[in-house]
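The values are calculated or read from the model by the stated rules, or taken from the named source; none is laboratory data. Computed from a predicted model, the values in this text were never measured in an experiment. Cβ placement follows ideal geometry from the backbone for every residue including glycine, while neighbour counts extend to all protein chains displayed. All accessible areas refer to the heavy atoms of the entire protein, side chains included, with ligands and DNA or RNA removed. Shrake-Rupley method; radii C 1.70, N 1.55, O 1.52, S 1.80 Å.
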Amino acid sequence: MAITSEQIAKLANVSRGTVDRALHNRGGVSPEVSARIKKIAAELGYTPNTAASALARTKKRTTVGIIIPANQNYFFDNMKSGLLLAQEEFSNYGIQLEIFQTYGFDEYNQLKYIEELEKKGMNGLLISPVNTEKLKNKIIQLTENKIPVITLNSDIEKSKRLCYVGHDYYQSGKTAEGMMALINNRKFKLAIITGSTKSLSQSQRVEGFINNAKKRSHDFDIVEICENNDDDIDSYLQTLRILKEYKDLNALYITGSGIYGVVKALKELKLERKICVITFGDLPRTLEYVIEDTIDATICQNVFDQGYVSAKLMFNYIIKNEYPNKDKYYTKIDIRIKENILPNY
């Protein structure tokens with residue numbers, strides 16, 4: 001039986017995304033871990049499935065459009081690795097991916113890229129959509145025109161999309177509030193910094209946090225909820241202003257990107273390790289902040305699987321007419337604190 005990348009991941013004690021990046025030299029993996037993965041692959045005789053059959057080359061290609069954000073290169077590079085692995089596994093079917101990336105929460109560019117993909121005759125669309133009425137209506141239109149749509153990483157309500165693959169953001173918001181209540185002995189005065197209210201995922205992280213605090217009667221005071229557009233400069237300026245304005249603040253809840261800007265403001269005012277900070281994501285720099293105690297905990301999601309699972313669901317639907325058996329495919333919630341971050345993460 002041929003060895004798989006998933007088996008290599010288990011043997012190397014890393015994620016499938018790490019295996020994919022190491023074997024394809026895509027970066028983001030320490031030299032030691034990369035060498036360990038390649039050694040295991042070589043010993044087991046692993047070879048990626050890259051050869052397409054002659055029959056596939058004579059068939060009409062299947063084009064799947066991908067529209068995802070580009071705010072966090074490492075984050076969405078992991079997602080792309082999952083997408084590309086699924087494409088590799090379906091190489092004999094002539095799958096072609098057309099990948100577009102947008103900066104910020106840009107409704108205009110998402111609609112423009114969908115139009116470009118329609119002109120190219122796409123057979124399906126994977127998208128991390130901005131949560132707006134125009135995008136919802138466009139997805140409904142695509143569905144009615146027999147172009148299946150799967151949302152990944154971020155969902156859009158009542159859009160008739162095929163299914164959603166990603167994090168349970170409401171639950172992760174509840175998790176963040178529970179972590180903060182434990183750390184702060186259930187008494188906290190905090191500010192929430194979110195990317196954009198146009199992002200359903202980030203809005204749900206805020207909603208889950210607030211509702212959990214109310215439900216469990218935790219002693220909390222949210223002084224402000226502000227947007228940073230998932231941008232480090234905006235995040236730095238907003239955090240600096242908030243910290244200067246609310247001298248008794250003891251907690252920050254960051255629902256998206258811009259973590260470097262938050263930490264820069266904390267360090268500039270010499271407030272690191274004095275304010276509880278809960279974030280999301282496992283970017284290497286974020287994990288470094290956790291290790292140095294600037295961030296108390298970060299809540300992670302498996303974006304490699306989001307790319308891989310959503311692509312496989314789409315390919316199976318288009319090629320094999322297999323309908324997804326669930327409306328939502330959630331990736332696991334993974335809490336990282338200083339004590340459970342492995343060396344050479």
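Its Kirkwood hydrodynamic radius, worked out from the mean inverse distance over all distinct Cα pairs, puts the range 57-167 at 14.3 Å.
Of the whole protein surface, residue 80 contributes about 50 Å² of accessible area at a 1.4 Å probe radius. The C-alpha atoms of the range 161-255 occupy a region whose extents along the principal axes are 48, 34, 16 Å, arranged from largest to smallest.
The 1.4 Å probe gives accessible areas that order 225, 140, largest first, as 225, 140.
Taking label positions 7 Å along the Cα-Cβ direction at both residue 144 and residue 103, the computed distance is 3.5 nm, reported to one decimal. Legend: residue pairs 138/328; 198/267; 10/146; 134/215; 134/332; 174/320, Cα-Cα distance threshold 32 Å; pairs beyond threshold, 10/146; 134/215; 174/320. Along the chain, the exposed loop sites are GluC sites (Glu not before Pro) outside DSSP states H, G, I, E and B with at most 16 other Cβ atoms within 10 Å, and the longest stretch free of them is 1-156.
Taking amide H atoms as placed 1.01 Å from N in the peptide plane, the amide H of residue 276 lies under 5 Å from those of 251, 252, each 5 or more residues away in sequence or on another chain. The accessible surface of the chain, taken with every protein chain in place and a 1.4 Å probe, is 48 percent carbon and sulfur.
Restricting the calculation to alpha carbons of the range 205-337 gives Rg and Dmax of 18.2, 60 angstrom. Compactness of the range 89-148 was expressed as the Cα radius of gyration divided by 2.2 N^0.38 Å, which yields 1.18. I need the calculated FRET efficiency for the pair residue 248 and residue 3, taking r as the beta carbon distance and R₀ as 45 Å, to the nearest 0.05. It comes to 0.20. For residue 120, the aspartates and glutamates whose Cα falls under 12 Å of its own Cα, not counting residues fewer than eight places away in the same chain, are 98.
Between residue 134 and residue 325, what is the spin-label point distance in nm, taking each point 7 Å from the Cα along the Cα→C-beta axis? About 4.0 nm separates the two model spin labels.
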